Amino acid sequence: MPTILRIDGYRFFFYSNESNEPLHIHIEKGDAIAKVWLDPEIVPVYFINYTKKEERDIMKVISLNIVILKEKWHEYFDK
């Protein structure tokens, strides 16, 4: 489970066995989890145990870091 970012207590990561899925990122903080597609556009798959504000915060972090998230995905899975 490579961790890509840690911001404001959120951990942004992907599972190493998910290369067969579209490009995406998982997010966790405490007992809350989320999954967001990154390509062709940023689209939430699910948010569990996050407030609406936290969901907005996560989507903002993803938008601001989309280049690095995509780069890290490709670095890992395109070996």
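Annotations
- Residues listed by number, region 38-55, amide nitrogen under 13 Å from Ile66 label point at 7 Å toward C-beta: 38-44
- In the chain, the portion of solvent-accessible area held by carbon and sulfur atoms comes to 51 percent [1.4 Å probe, whole percent, DNA, RNA and ligands not counted].
- Per residue accessible area in Å² of region 22-79, where ligands, DNA and RNA are left out and the probe is 1.4 Å: 62
- Comparing the chain with the 2.2 N^0.38 Å rule of thumb, its C-alpha radius of gyration ratio is 1.01 (two decimals).
- In sequence order, region 24-31 has phi-based couplings of 7, 9, 9, 9, 9, 7, x, 9 Hz under the Karplus curve 6.51 cos²θ - 1.76 cosθ + 1.60, θ = phi - 60°, and Gly or Pro positions carry x.
- Positive-end residue, region 8-79 charge dipole about Cα centroid, Cβ charges, pick of Asn65, Phe77, Gly30: Gly30
The values are calculated or read from the model by the stated rules, or taken from the named source; none is laboratory data. Model, not experiment: these values are computed from the prediction. So basically every Cβ, Gly included, is an ideal-geometry build from the backbone, and we count neighbours across all protein chains shown. Side chains are part of the model used for accessible areas, which takes the heavy atoms of the whole protein and leaves out ligands, DNA and RNA. Shrake-Rupley method; radii C 1.70, N 1.55, O 1.52, S 1.80 Å.
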